[in-house]
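See structure below.
The values are calculated or read from the model by the stated rules, or taken from the named source; none is laboratory data. No experiment lies behind these values; they were computed from the predicted model shown. FYI the Cβ positions are ideal-geometry reconstructions off the backbone, even for glycines, and counts take in every protein chain you see. Protein only, heavy atoms only, side chains kept; ligands, DNA and RNA dropped before computing areas. Shrake-Rupley method; radii C 1.70, N 1.55, O 1.52, S 1.80 Å.
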Amino acid sequence: MRISELIDILQDKPKDADVEIAFVTPVDDDANEIVVNHFEVAAIFSPSEESVLLISGEDDDVDELVDALEAGNVLDND
């Protein structure tokens with residue numbers, strides 16, 4: 001998603017509205033069921049001019065990740 005698309009979606013929302021991320025995952029590859037987990041955005045980090053990370057998780061974990069990113073550590077996508 002582009003930032004302009006996100007801004008277009010959010011611009012009409014109240015300024016004090018919560019922002020959450022919903023992850024949709026299959027329960028079982030063979031089942032026709034899904035699980036939806038909602039997480040509040042806990043931090044935002046911009047590693048470059050071209051990208052923004054919306055970060056969610058336990059407070060201590062989020063703080064540790066943001067500290068690592070600010071120190072220049074690279075995320076491992078594995």
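May I ask you to list the GluC sites (Glu not before Pro) in segment 12-49 that are in a DSSP loop and have at most 12 other Cβ atoms within 10 Å of their Cβ? Answer by residue number: GLU33, GLU49.
For every helix of n ≥ 4 consecutive DSSP H residues, a contribution of -39,500 (n - 2.57) applies; sum these over the chain, divide by its total residues, and give [θ] at 222 nm rounded to the nearest 500 deg cm²/dmol. Mind showing how you got there, number by number?
Working: 2 runs with 20 residues, N = 78.
Result for the chain: -7500 deg cm²/dmol, rounded to the nearest 500.
Values [x] 15.4, 43; [y] 17.8, 59; [z] 11.5, 32 are given for comparison; Rg and Dmax of the Cα atoms in Å, derived from the coordinates here, is the one labelled [x]. Counting protein heavy atoms only, the chain has 47 percent of its accessible area on carbon and sulfur, 1.4 angstrom probe. Taking amide H as placed 1.01 Å from N in the peptide plane, the amide H of SER56 sits under 5 Å from that of ALA42, each at least 5 places away or on another chain.
Think of each Lys and Arg Cβ as +1 and each Asp and Glu Cβ as -1; about the Cα centre, that makes the dipole of the chain roughly 480 debye.
Take 6-12, 62-68 and order them by the average number of nearby Cβ atoms within 10 Å per residue, most first; the result is 62-68, 6-12.
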